[in-house]
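Input: a single structure, listed below in C-alpha cells.
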Amino acid sequence: MSKWRLLALLLLQAFGAQAADLAASPTTVTILGVDHAAQLVSERDQPALLEAFLDRVEPDAVCIERAPESYARNDYYEFTYEVQDVVVPFARRSGIELCPIDWEPPIEDQRLGFGMSLDVPPELRLLKGFPSFLSFGPEALKRDFFRADDPANLQKVTNWASTPAARGKDDLPRRLYLYRTYMQARRIAAAARAHPGGTVAVVVGEFHKHDIEAILKDEPGLRLVQPSSFGRPSAGDIAAHDRTEYRAAIASFNLLGLQSLSGAVDYGYVARAVEALEANGATAQTRLFRTRLDLLQGRIRREEAVERYRAIAAEAGDAKFSWNGVKDAARVDSYFDPFGNLDVRRRAWLEAARETWAMGDGAAANALLDACADGLSPRQRNQLRAYWERDVATTAAKRP
C-alpha cells in the first residue's frame, strides 16, 4: 500500500471517528430571535428577562450578532441594545464564552452598493427612513419574548427573502441578507463544534432565525431546540436579574427619546422602572425621569415642569445618566435620542427650554438652550442647535 493510500485511509478513519463522536455527544443549539432593542418598550421582552433566560439555559457559549473583526475592537451595532448592554456584560460577568457570528460586506462594497457606509450615521440623522432615530409602534409594546419561535410570526420575512425584487438593481438587500444569514449559520456551526456535548445559545435578529435553523437542521453533531422549550423564567428570576442600567435605559428611551412622541409608551412599564430607580435613592437622574413622566402623563403642568428642571440643573453637577446608548462620544446624539449624549444637568436645561418654547417664550427658551450648549464641543453645539431647530421647535407645542 502506497503512503498516499495509507494516508487517505487514516484520514477516512479519523473522520469516521469524529462523526461518531459528534453523533454520540451532539451540541445543543438554541436560537433566540429578537427584535433589536424592543426590550426597551415591551415588559414581556424586558432586558432582565433576557438575562434570566440565559442564566436558565446555562450555555457554554453565547453567539452574538456582530462580526468577529468588529467584536475584537469592542465595536457593536448601534441598534443591538440587547447585545452590548445585556448579553455581553452578562456573559463576561458569568465567565461564558462569547462567539461573534455576524458577517457584513467590506466598507468599499457597502459604498458601491448603497452609496454609504452603513455603520456611519450622517452628521444629522433623519426623522424617518434609514438612518434615522429608533422608535417603535404600538405592536412592539406587546412583543413576547418567545415570539420568533413561531415561523408564522415571520412569514413576511420568509416571503421577502424568497422573492427577488421586481428590478434586479434593487435586489442587493435581499441578496446580502441571504449570504449574511448563511455565514451566520456557518459560524454558529463552528461554535457548536468547539463545544461538543455542550450548549450554545444564539441571540440574533429574528429575521435571521428560521433561515439559520434551515441551514443547520442537518448539521452533524448539532441538535436544534427552541428557546421556549427551556421555559419562561419566573417573575422572581426576572427581578433577581434586573439592574439599574436596565431600568435607566427603559426610562431614558421612553421618556427622553423620540419614543415619547410616538404615542406608543407602556407607562406602567416605564413607571415601574422609574420607581425602582427611586427606591435606591433620589438622584438628579431619577428626579429628571420623574418630572418627564409626570408631565407626559398630565400630572403636572409645563410651568411646574420648568421649575423642576431648573432645580435639577442647579443641583446636578456633573452627574451622568446610568445609560445613554451613545456609541460615538464626539456626537451629541445616539441612535435612541437626538440629545442622548447630554449629561443630566444639560438635559435638564434642554427640557426646560423645550417646555418654555411650547409656552410661547422663545427668548427664555433660547437662553436655556445656551446654558445647555455651554461647554460642548463646536460639533456638538452645531448638532444640538440643528436638532433643536429641526425637531424640537416644530414638535414642542404638540407635547403635553
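Details
- Sparsely packed loop sites in region 50-159 (the GluC sites (Glu not before Pro) outside DSSP H, G, I, E and B with at most 12 other Cβ atoms within 10 Å) comprise E123.
- Only lysine pairs 8 or more places apart or on separate chains count here, and in the chain those with Cα atoms under 21 Å apart total 6.
- Rounded to the nearest 20, the size of the Cβ-charge dipole of region 254-400 about its Cα centre is 180 debye, with Lys and Arg at +1 and Asp and Glu at -1.
- Using distinct alpha-carbon pairs, which all enter the 1/r mean, Kirkwood radius of region 157-199 in Å: 12.1
- Rg and Dmax over the alpha-carbon atoms of region 80-186 stand at 16.9, 49 Å.
- Selection of trypsin sites (Lys or Arg not before Pro), region 128-171, meeting DSSP coil and at most 13 other Cβ within 10 Å: K128, R167
- Rounded to 5, the percent of DSSP beta bridges in the chain classed as antiparallel: 5
- Calculated FRET value between R111 and D218, using beta carbons and R₀ = 45 Å, to 0.05: 0.75
- At most 13 other Cβ within 10 Å, DSSP loop - trypsin sites (Lys or Arg not before Pro), region 21-111: R73
- The R73 and N153 beta-carbon pair, evaluated with R₀ = 41 Å, returns a calculated FRET efficiency of approximately 0.75.
- Region 252-400: radius of gyration and largest Cα-Cα distance (Dmax), Å: 14.1, 39
- Its convex hull of Cα atoms gives region 40-94 a direction-averaged projected area, equal to a quarter of the hull surface, of 4.1 nm².
- The convex hull around the C-alpha trace of the chain, projected and averaged over every direction, spans 23.8 square nanometres.
- For the chain, the longest principal axis of the Cα atoms and the long axis of helix 302-316 meet at an angle of about 70 degrees.
- Among G198, Q259, Q297 the positive-end extreme of the charge dipole of the chain (Cβ point charges): Q259
- The charge dipole of the chain, taken about its Cα centre with unit charges on the Cβ of Lys, Arg, Asp and Glu (plus for the first two, minus for the last two), comes to roughly 480 debye.
None of the figures in this text is laboratory data; all of them are computed from the coordinates on show. Not measured: the values here are computed from a predicted model. Counting neighbours? That spans all protein chains shown, and the Cβs are built from the backbone with ideal geometry, glycine included.
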